[in-house]
Every structure is written in structure tokens, then in C-alpha cells.
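See below for the structure under consideration.
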Protein chains: 2
Amino acid sequence: MSMVQRSTSQQNTDTQETPVMQAAMGDRIAIEDIYPDVEQGRFAAKAIAGQPVTVTAVIFADGHDVLAARVRWRCTQGNAPHTAAEDDWHSETLTLVRPLGNDLWEGTFTPTATGAHEFVIEAWWDLYGTYHYELSRKHTAGISIALELREGHDHVSRALERVAPGSEQASALEALLAQLKGAVDESEQVALLLSRDTLSLMQQCDPQHHLSRSAAMPLEVDRELAGFASWYELFPRSESPEPGRHGTFNDVHARLPMIRDMGFDVLYFPPIHPIGHTHRKGPNNTLTPGPDDPGSPYAIGNEDGGHEAIHPQLGAVEDFRALVAAAREHDLEIALDFAIQCSPDHPWLAEHPGWFAWRPDGTIRYAENPPKKYEDIVNVDFYAEDAIPGLWLALRDVVQGWVDEGVKIFRVDNPHTKPFPFWEWLIADIRGRDPDVIFFAEAFTRPAIMARLGKIGFTMSYTYFTWRNTKPELTEYLTQLNESPLRECYRPNFFVNTPDINPTFLQGSGRPGFLIRAALATMGSGLWGMYSGFELCEAAPVPGKEEYLDSEKYQLKTRDYFAPGNISAEIARLNWIRRQNPALQTHLGIRFYTIDNDRILYFVKSTPDMSNVVLVAISLDPFHEQSGHFELPLWELGLEDHADVHGEDLMTGHRWTWHGKWQSTHLTPQMPFGIWRLRPAQ
Amino acid sequence: MSMVQRSTSQQNTDTQETPVMQAAMGDRIAIEDIYPDVEQGRFAAKAIAGQPVTVTAVIFADGHDVLAARVRWRCTQGNAPHTAAEDDWHSETLTLVRPLGNDLWEGTFTPTATGAHEFVIEAWWDLYGTYHYELSRKHTAGISIALELREGHDHVSRALERVAPGSEQASALEALLAQLKGAVDESEQVALLLSRDTLSLMQQCDPQHHLSRSAAMPLEVDRELAGFASWYELFPRSESPEPGRHGTFNDVHARLPMIRDMGFDVLYFPPIHPIGHTHRKGPNNTLTPGPDDPGSPYAIGNEDGGHEAIHPQLGAVEDFRALVAAAREHDLEIALDFAIQCSPDHPWLAEHPGWFAWRPDGTIRYAENPPKKYEDIVNVDFYAEDAIPGLWLALRDVVQGWVDEGVKIFRVDNPHTKPFPFWEWLIADIRGRDPDVIFFAEAFTRPAIMARLGKIGFTMSYTYFTWRNTKPELTEYLTQLNESPLRECYRPNFFVNTPDINPTFLQGSGRPGFLIRAALATMGSGLWGMYSGFELCEAAPVPGKEEYLDSEKYQLKTRDYFAPGNISAEIARLNWIRRQNPALQTHLGIRFYTIDNDRILYFVKSTPDMSNVVLVAISLDPFHEQSGHFELPLWELGLEDHADVHGEDLMTGHRWTWHGKWQSTHLTPQMPFGIWRLRPAQ
């Protein structure tokens, strides 16, 4: 696909289809390196409704003439209040931004609806702008400009021929011509021709010679929660206040205020569906469960139903609806797990044997995600005999069914072991009806695959964050997330732990390590999450593994959420700081600056207008005090190195004045991080 | 354009055109980041006939199955001995190259013809490869494999159903089945199923499930001289042995042996056409020429003709032909200048007024390339009233006319001030008939424009080399030329000087500076060039400018090419070294290694097989001796840091043994560089 297409006006003049005539209709103006872009428009870049999209392109032509450019954009598939695609394109001017580099043009636009959008870049010869530049230069140089004045008059006359007779522009052009004729001398003519009003008027009537237009670049616009949200994960079955009793949806109600008070937005449940019996797992992933063992909720389906059903011990569908409503009253949205695998007891095996790959002995291979083995589940085969379209549609209907129940957020289990075309279709299909639906990819795999899932439509993704602990590791990883292609297609959700990941770092760190990881996650990314127990600093492992001992995946668990040593208050404060400081509501725009201690990560985030500037220093050492001298980014505020600025400790509210660029900090295992808002002194 | 298109076989199964059916035909296997590529196939990457093209792509699918991939390629427009496009595609296997990174596949192919080529990447599920991997793993782990053996038998049986009855493959498969049935035990069966022969046989019969095919990627293949050549520029009119007499083509014959002995391949002349009279330039770019002043040859056209004609004082067309033939006998190819501008006396102004942009007073604006002014020339207007297609075809015919005279190399004057679509069409048109024609872009302008000229078809380009003098400048620039997008589309020709550029560095450096710049150019790039006088260390400037005093652009010049202090012998040796050492025949693959002196540039080049490894150390200081310790790249040869290697001074032929990694060198203004071939000790 050519990035630069023929303009419509040029196509219309095409009467002789010889190669040279076709060549002459080619784009005289080159439009290259359009940003944001994912594989030259093959996939949509991501944006957030209400937040400006900065567009850049390298635009140039032969010769020295002045160019003009704009971005045009529209919603091609609106959300509920904007159901119809917008027929009319919006338009914003692009300007040549010399400090950014040669030939780089920039502009912004702000989509208001969610859903599919597109934008194109257009560039053309600025006819009068070119004339204006040359006249101005020659006039300044004192060169004779009699001929140029005649040409200026001709420019205005020809513009008058182009505009609608009697229009406002026609009147303005006629008035200008009259003024030019009545001018007493050259200098009055020059002043008229060089005036800002004349330039603006003439640019409005520009014939847009040599118009180049880029291909339409897709842009997927999400709601705010897609970019800025705090996730809390719990197993409803563990929420019973009575040890030993299976928890229910109704039990979860009591937790909602606490979760909301900690500042979370999303409450995520592992699968809530009926659990299989065959090869059910016992505690700690054993293969010999007792009769009362609940099994892994990821072994989905039994005689009570499959992915569309609710595990009876959790409650009825009415209970689920009541919980969704109650959560909403607490400003919490419920996210469900979409895990496509089936227990061997899933109804689909009998109803749709053609959706599975059977072995010569009449069995189905159980699931593996090496080195992990899942003896209690089997996978569907997306390309099996009867799978297309039956299985694909059935899975879509499962998701749509939960959307119809008011669930707009899905955490998708292991999407990288299902075909990319399936996800690309399913996500577009669901979002085509409701572009507020969010899909969160739980893929821990190779980098190209994780990026691809973002490209084909996943709203956000799990990350390698859990395994990045040292300063070089964290700096490199956060930098990668800020670079192409990830910054356009991949929104990282920094989970500090999951039922599958009991991070090695936390197993030995004690409470200070939990504070460190909470600070890194909340300050590092607009999206972060935790699995319950983190706030209690739970870390007992299956020895030598990243698994939790007595994992909730296989058994019920009762917790005292008010146990001493919990970090709930600190988490609440971190989430409060995130809400108060827009600079922290994204992983983008992070800058790592100098601190003279390799155990302290020091970075700065700010809003584009610098009205919100936050400095973050996090000790990576849970055992010892760490101190360091660091540089305040005074230059970013246009201040001298010796300037005074105001600082505020966002954890405590304490305020002070910093004198000069170099400052020091002292971090302790008790409070291993500092988060400071920086303001210019008045 | 999607990089991954549906395979034909998948398209044929498409009977129901519902979105889900279409989605299910989408590519299960992703093919990303194809190299070489210029803007996702919008433009052709460059290659040289007879030299391997390394192809890479990131290829992956969902799940853990084994993939297979290949590159298919063909010539779509052959040169003279291969006039017909090749109907049959060639094919080379791609292999997963883990050391290069996750999911990166690599292969090579070697085009033999010049002209337009294309390649596609294909990937599919390696059905038996997947089975083979799993069987091997389970067998090694001692897991029961009875079921796997049945599956293996089924794989072979199904392969037999796919191949032609009676074919060689059918016989082999039948034999394999018989061996499997006759096997005495499981371990014999395993050995048969895991054997290299079985794997190879089964991969030959693979059904290529889930075949993905990339878009066709264009590749433009040039002859060797496009990548490796030494250029010599002279004004024929200065070649008269009698001072004051206008030189002729016949005078040039006497210079041919000398130029060839210096090791040059291309002999390039500024324009040889009739020179205008109106506003003719006098010596040193004055506007008041004397009656005998010859004028600038860039003011093309007078009553004797235009771009198709020869300036009578140079000789007749027969003389030109004789010179082309004589040059060829000396292994020299003549390159002409294609400078589109016209003198005001060019016949086209009267014959084709509709090819020019006339001002209100009936004049044409003279040419400018700010800050330079060219009062003696006017430019055509490519989009003027009658310019399309008349002017475009006329210019094409000018080039074709010289091609018909045996000229296959054109240095194009200021291509960046002419429309990109014009060049893209003209170059494709000319090369469509003769893909050995070379176009050399003389554009000194902004980086994006220079790259664009390479993208649209220019074979090679002038560079910023002349203005890169310090070690950081040279390191950065040579590194950029080795990176995308330049490495795919832009072949740099390092001219050390031109009639327009008398480099500031050389104006003050004396002879050592000329040796330094000659070494940098000859060792830095496969393409380099010089304008006559360089070998005599000529550097007298128009004070304060990069112009030569008494420039040949405006007057005749007589030189004594044997004058003392000339560096002709050194240039000859440098060119000889380039011919002997393939590592030096490209700018690609340069590595900068450590030397503890910031005034010495030290780099290494080698052939991919490491059979030719050349170390280059160049002092950038023409005034003082410079010494430094530098590291031999022993690790590249797989040697320990204390190993012995053989060194050879390629300037002198002196040989020695280096002991260990750290060595030292001492460079003087008399011989400011060292060029050493490195060989493993026997």
C-alpha cells in the first residue's frame, strides 16, 4: 500500500492512461513515517477518548516551496451515544516543528467517542505561503520587487476566480484588490501583501496544488479505564467469613467498601463457572483430590454447564447480577476471566466432538504450557472439523452473554495459545457492538507474540514487570515500553503478583519488598493490579517455585484483611496519589535521571503542559537504608540550576523549598520510596 | 497492505462469505519485520547481482508447534541475457536463528540477473517436525509413547495418500511403512521415526497447513559497479596539453592509462553540451565574462543544440564514440552529467515555451539553490501547461540517447529540485530496457530527501562525508549508513572533493590531509570518487568559501599531473587494496573498535565468512604524530585474548605476528594511516 495516494482532483484530470501520464499524477509531496502507526496501517494504534492524539509525519517535496499539511480524522464506528459513524471528517492543522528535526510536522486531535477511528495526513503546496516567504525575504534584502508585486496582485485575482461569487471570501478578496490598487506606494502594497490577514485569507482560498494524501491510518479509541485503572483480584469462593465454607457472590459484598477504599477500580474474578470432576486437582496441584476439594476454577465445565454458566456454589445468576450492581455503586467494575479450555466434563465434548482433536485411542491431549501441565483440562481445536464457524461463534456468544450481563472487562487466559485471527475477529466483533469492552491479555511469552496480541486488538496486557527487579532491568524495560512498536500497540498492566506468580523477590523481601513493588507498579504504569493477599505481604512459596503454597487455585482460603503489618493504607495512598496526579496515569513519557546510587531508581513523569510534575525515587533494597544525590529536572521547567522550587511529599503532604538542582534523599526499609510533586516557586 | 496475505489454497476453500469464515481464513502464522524492506514494500530494496541477499523475518504462531519457512524469489524484468521474466520462482529455506533473537528466521539467496526482482516469505506448520520434536522429547524423558508411535504411523500413511502414486516419494514412504511394521520393538520404531531421513522425507511431503505468505517485496538488483567503484572526475576542456587551447575528447585519450593505473573504474565528465551565451559566467563566478571565457558547462544549450548535443569545441559525436570505446579498452566506463537546467539560449525555450513558468514580464526566474545563484540558467517547470508528457518524454529521450551511445552511468545534477514522481518514472523506464544503467544522485540536502531519492530508484548518492572530519562525526555517520532505512536504499559514494566542494579541512591540511581523506573514502565505502586536482593536493580557495579559486567551472585549467608531492601512487595503492580485499568493497558491516586515542579512527571490515579481515587505523591529525593502543578483534575469529595472529601491512606488504589482543600503532603525517590484513596463525 502506498503511504501516499493520488488526490481525487488529480485523478479526475487523468484522461490518457500512458505510463508517463500515470507517473505525473504520482505524489509530488512525500508523506513518510506517520505516527501513530502499527505496521503501516495494518493494525490500529491505540488512543483514549478525551485525550489528545499527537500526530507526526515527515513531509517534504522537491525544491524549496512552502508546504501546508493537516490531519483529518473521523470515528468509523461509534459507541452508544454516537452510534452512527461520523460522515464528516474533522480537521486539524499540522505545523512544521523544526526543533524536532528536519521535515517533521506535528499536530494533535482529540477523539471524543470510543471505537474504531481513522485519520489521514494531507499535504499540499502552500501557494501564497511560498510567495509570501519570497516577497518577505526580498523586501528585507532590499531587492527590487516590482515584478513580485505584480505577481502578488495576480495571486489575489486568481483566488477571486476560485471562490464562490458573493461569498465572504470573495468580498474580502475584492476589498484587498481595491486596497492594492489604491495603495500610494510599493511599501503600502508590500504591507498589504505581507499582512497576517492576507496570508490567512489566501491560505483559506488555496487551490491545494499537488495535494498528497496518506492512506487511512486506523486508530482504536478506548475509554479511560483502558489506560488508567487499578485492578484487584480475588477468588469469590474464598470470601466466606466462616473458614471451611465455600464463599459466594453474596459474601463479596462485604469486601467492596474496603477494596474501593484502597483505591481500586476493577474487581477481577478467576473463572466463576462449573468446575470439572475428571482429573480434578487437589491442594497444591496434586492429582489426588479429596471429595470436598473444590478443584481449579480453570477446569471449566461439568454437568451444570460450561462457560456460560455459574458454579452453583457461588450463587445464582441473580446473585451475580446483584454483585455487579453493588460493585458499580462502589465505583468498581467487575472483570471476568475468559479461559477457553474445558474440563473433560464440559458439555461441549459430547455435544460438539468436532470441536476437538481426538487421538487414535479416542482421547484428547490434555493441556500443556511447558513446563506446566494441566491434567484437568483439554483444549478445543480452532481448526477442527466442525470448529469453523460453530466453535468460534459459540465462544463469541459466551463473551457476548457476559457483556449482556453488564461485564465490560475480560481478562483472557493464555490468548497466545489460541489463533491470532480468532482474537482479531472476536474482539472486533464484540467491540463493534460495544467499544467500551476491554480485553486484557494474560500472555507471558516471547516479545513478538505479546506485541502481536496488542496489535490484533487486546486493550492491555500482562508484562514482564514481575521479573524486573534491578535498576538496569527496570530502566530498560520501562524504556522499551515507551518505544515503538510497544508504545503504539501495547498497554502494560503491572500486576505485582497473581495466583500463578509468587515473585521470588517478594518471597525473601518481607514487608519492605511489598512496598517497593507496590510503588514501582503504581508509579510505573497507568495500569496496575494485585491479587489479594499482596496487601497482607503473603509470600509463602511452594519451595523453589514461584507458586504460592496452599494456592487458592486448588483450595479455599480465609484471610484476616486487617492482620498487623498489612500495607492497605500505603496502597490506598498510592492509588490516591495516582488519581490526583495525571502525570502518573500512564506509563508513557517516563524519564530516568541521575541519582548516585545504583540501588535507587529515580524517574520523572509530567503532563505535556508541565502543570503536573512528579519525581519518584524508589529504593530497590528491602533490607538496608539507601541514600543518594539526585538532580531535579529544573531545565525542564526552564529554570537555572540554582533556582528554587517547591517540593511536596505526596505520601505525607509535607512541603518545602528545594534550593538548586542537586538534592539528596534518604530511603529506609520502612518507607523505601519518595514521591514528590515539583512546582515552580511563585 | 497486509504483510501477510491469505494463501491461495485457503482462499479456494472459502464458500461462505460470512465475517467469521473470512476471519478463519486469516493468517494463523504471523510474518513481521521482513528485511530487506523499504516502507513495507512500497519501494525496492537494493542488491547486487552475484552477491547473496540475506533475508530475515520474525515468524511465529500461537501455541508451541514447529514452523517451517522459506523465501521464494524471482526476476520480474531481466537484463539482456535474461530478457524474459522468470516464470518459475526460486526457493531457499529459512531457518530459525535463535542466537539472533526470538522468532527471527534467516536465509539467503543470490540473484544472478540485474533488474527488478521480488521475493515473498512463506511459513507453514511443520506437521511432522512438530511430531518429531514431541516424540523425541518424550522418548528422552522415558514417558510411555505407545500412542505416539501409532500417531507416527498415521502421519506416514497420510503422507502416502498425498503424494503421487508410483513416485519416488511414494516408494520411500511405502518402504518406511514396511520397516515400521517389521520393526522388532518400540525402540526400532522410534529410531525409524526420529531418523534424519524420515524427517527430511516427511517434510518434503508436508501438506503446508496454515500457509502464510507475505506480500511480494520488491528488490532492485544492480551490477557490481553500482556497489564497488572508484570514480575520477575531469573537465575534458582542461585536458589540452597546450595552455590556453580548449581541450577536446581526443585530448582525454592520453589521460586514460594514468587514470586506470590509479585504479579508477569510472571516468565522469561534467556536462559536455553546448554552453549558453546569455548571462554567461566569467572566471570565479563573475557576471562579466570576456569574449573567450568558456562559461559554465552547467548552462546547457545554445544555437548548437541542447542536452542531446555535444559542445563543438570538445569534438564531434564520432570523437565522443571513439573516447567511449578507448575508455572501455582501459576498463574505464564513462559517466555523463544529467543536468536538467537550460541556458536562456537553449532551443527548448523557443520550441517549447509551455515547458517553462513565465513571469508577468515575459521572463523566467533564474535558478537558485540558496544561497547559490545561477544567473546563467533557468529551470523547466515539470507541471507547466505543456510539460506533461512532452517535457518528461523529451528528458527521457535525452537519457536514452546517451544510453544508446554506450553511456550507462549518469551523475544527476540536483535531483532533489525536480519532482520525485519524475525520477521514479524515468529511472524505471530507462532501467526497464537496460537494468545496467546507473543513476548517481547529486543531492546535498536534508536527510529524508536524500533517502527518498534512493528509495525512488537512484543507484547511489553523494553524501555528507565531505563534512565529517572528527572521530565522533565519522563514527556516527558511517553507523547511520549501516542502519535502516539507509542501508536498504542508499549507497553512499564518498567523493573527497568536487568542482563545487573544496573542503575546509583540505584547505589547511597540506598533503597529509589529502592522504587522510583518501584513506577514509577508499576504506570507508565501496564507492568513492575524486575530482581531478585532488591527487595534486590542490586546495586554493576563494577566500572564506568552499569554492576552488579559479574554478574549472568557469575557466580552462592546465595541470602537471606529475608535479612533485602528488599522491597518485598512494591512491593507486589504496585502489589496489580495495580490489584485493572484498571486505572493503562495501560500506556495510563496519565495526568501530577501541583505540585509546581520539584522533585515530579505528575500524574493522570483513567478509561474512571471515576469510578476509581488514583493520584500518587512520589518524585524523594532518599535523602531528599520533599513537594508540588498539584491540585486535580476536573474538571475532573465535580466538582467545592471548592468541597469535598474522598481520600484513597492505600498503607495504610487510608481514609479522601479533601476540595477543592489545597492540599499538604509531601514525605520522607522512603516512597517517595503517591498513592491515588479519589472518589466523596456522
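The values are calculated or read from the model by the stated rules, or taken from the named source; none is laboratory data. In this text the structure is predicted, and so the values were computed from the model without any measurement. No Cβ is skipped: glycine too gets one built from the backbone with ideal geometry, and neighbour counts run over all protein chains shown.
So that you can scan it fast, the table gives a plain yes or no per residue for (1) assigned by the TED database to the domain that holds A:H666; (2) under 21 Å from A:G50 (Cα atoms); (3) hydrophobic (A, V, I, L, M, F, W, C); (4) touching an Asp or Glu at 6+ places or on another chain (Cβ under 8 Å):
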position: A:L584; (1), (2), (3), (4): no, yes, yes, no
position: A:T594; (1), (2), (3), (4): yes, no, no, yes
position: A:L601; (1), (2), (3), (4): yes, no, yes, no
position: A:L620; (1), (2), (3), (4): yes, no, yes, no
position: A:G628; (1), (2), (3), (4): yes, no, no, yes
| task | Could you tell me whether any residue of the range B:521-532 is more than 14 Å from chain A (Cβ to nearest Cβ) and without any contact (Cβ under 8 Å) to a residue 12 or more places away in the chain? | result | no
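Condition check ((1) within 32 Å of the chain's Cα centre (by Cα); (2) within 30 Å of B:Y554 (Cβ to Cβ)) across all residues:
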site	(1), (2)
B:M202	no, no
B:H209	no, no
B:D222	yes, no
B:E233	yes, yes
B:P241	no, yes
B:H253	yes, yes
| request: May I ask you to list the residues in the range A:66-103 that are among the basic types (K, R) and at pLDDT 90 or above? | output: A:R70, A:R72, A:R74
| request: Give me a count of the residues in the range B:224-251 that are more than 26 Å from B:E318 (Cβ to Cβ), in contact with an Asp or Glu (Cβ under 8 Å, 6 or more places away or on another chain) and surrounded by fewer than 18 Cβ atoms within 10 Å (Cβ to Cβ). | output: 0
| request: Check whether at least one residue in the range B:247-269 is more than 19 Å from B:A327 (Cβ to Cβ), part of a loop (DSSP other than H, G, I, E, B) and not hydrophobic (A, V, I, L, M, F, W, C), and report yes or no. | output: no
| Filtering the range B:302-332 down to residues that are part of a helix (DSSP H, G or I) and small (G, A, S), which residue is surrounded by the fewest Cβ atoms within 10 Å (Cβ to Cβ)? | B:A325
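For every residue, the table says whether it meets (1) of a type in the set (G, A, S); (2) more than 23 Å from the chain's Cα centre (by Cα); (3) surrounded by fewer than 22 Cβ atoms within 10 Å (Cβ to Cβ).
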| position | (1), (2), (3) |
| --- | --- |
| B:G510 | yes, yes, yes |
| B:L527 | no, no, no |
| B:M530 | no, no, no |
| B:F534 | no, yes, no |
| B:P541 | no, yes, yes |
| B:L556 | no, yes, yes |
| B:G565 | yes, yes, yes |
| B:I577 | no, no, yes |
| B:N581 | no, no, yes |
| Within the range B:37-52, how many residues are assigned to a loop (DSSP other than H, G, I, E, B) and under 15 Å from B:R431 (Cβ atoms)? | 2
| Can you tell me which residue in the range B:341-363 is farthest from the other protein chains (Cβ to nearest Cβ), limited to those that are modelled with pLDDT under 95 and over 22 Å from B:P419 (Cβ atoms)? | B:G362
| Only one of (1) touching a residue at least 40 places away in the same chain (Cβ under 8 Å); (2) surrounded by fewer than 22 Cβ atoms within 10 Å (Cβ to Cβ) fails for B:D386. Which number is that? | (1)
| In the range B:105-125, what residues are without any contact (Cβ under 8 Å) to a residue 60 or more places away in the chain and either over 14 Å from B:E32 (Cα atoms) or within 23 Å of the chain's Cα centre (by Cα) (or both)? | B:E106, B:G107, B:T108, B:F109
| message | Can you pull out every residue in the range B:92-105 that is surrounded by 14 or more Cβ atoms within 10 Å (Cβ to Cβ) and farther than 22 Å from A:M450 by Cβ? | response | B:E92, B:L94
| query | Which of the residues that make up the range A:47-66 are within 13 Å of chain B (Cβ to nearest Cβ) and farther than 14 Å from A:S214 by Cβ? | reply | A:A61, A:D62, A:G63, A:H64, A:D65
| Among the residues listed as A:R213, A:R260, A:R245, the single one being basic (K, R) and under 30 Å from A:R28 (Cβ atoms) | A:R213
| query | Would you say B:H346 is in contact with a Cys (Cβ under 9 Å, 6 or more places away or on another chain), closer than 17 Å to B:H273 by Cβ and in contact (Cβ under 8 Å) with a residue 60 or more places away in the chain? | reply | no
| Residues satisfying the stated conditions in the range A:20-36, i.e. more than 7 Å from chain B (Cβ to nearest Cβ) and either part of a loop (DSSP other than H, G, I, E, B) or more than 26 Å from A:F420 (Cα to Cα) (or both) | A:Q22, A:M25, A:I29, A:I31, A:D33, A:P36
| query | Within the group A:L177, A:L193, A:L234, A:L211, which residue is among the aliphatic types (A, V, I, L, M) and within 30 Å of A:N497 (Cα to Cα)? | reply | A:L234
| request: Pick out the one residue from B:T459, B:T479, B:T463 that is more than 21 Å from B:F420 (Cβ to Cβ), outside the structural domain of B:P672 (by the TED database) and among the hydroxyl-bearing types (S, T, Y). | output: B:T479
| task | State all residues of the range A:196-221 that are touching a Ser or Thr at 6+ places or on another chain (Cβ under 6 Å) and under 30 Å from A:R433 (Cβ atoms); if no residue qualifies, say none. | result | A:V221
| note | If we ask which residues in the range A:397-452 are in contact (Cβ under 8 Å) with a residue 12 or more places away in the chain, in a loop (DSSP other than H, G, I, E, B), within 14 Å of another protein chain (Cβ to nearest Cβ) and basic (K, R), their number turns out to be 1
| request: Give, as residue ranges, the helices (runs of 4 or more DSSP H) completely inside the range A:159-239 that count at least 2 residues that are under 25 Å from A:V120 (Cβ atoms). | output: A:196-204
| field | Residues (assigned to a helix (DSSP H, G or I), in contact with a helix residue (DSSP H, G or I) (Cβ under 8 Å, 6 or more places away or on another chain) and basic (K, R)) located in the range B:487-536 | value | B:R487, B:R517
| request: Could you run through the range A:364-396 and say how many residues are facing chain B (nearest Cβ under 9 Å) and assigned to a helix (DSSP H, G or I)? | output: 3
| query | Would you say B:R491 is more than 22 Å from B:H273 (Cβ to Cβ), in contact (Cβ under 8 Å) with a residue 40 or more places away in the chain and either crowded, with 17+ Cβ neighbours inside 10 Å or not assigned by the TED database to the domain that holds B:L620 (or both)? | reply | yes
| Residues in the range B:53-64 that are closer than 21 Å to A:W425 by Cβ, part of a loop (DSSP other than H, G, I, E, B) and not small (G, A, S): how many? | 1
| query | B:R365 versus (1) within 30 Å of the chain's Cα centre (by Cα); (2) free of Cβ contacts under 8 Å to residues at least 40 places away in the same chain; (3) more than 30 Å from A:I34 (Cα to Cα): which is the lone unmet condition? | reply | (1)
| field | Positions within the range A:461-486 being over 29 Å from A:S509 (Cα atoms) and touching a helix residue (DSSP H, G or I) at 6+ places or on another chain (Cβ under 7 Å), in sequence order | value | A:P485, A:L486
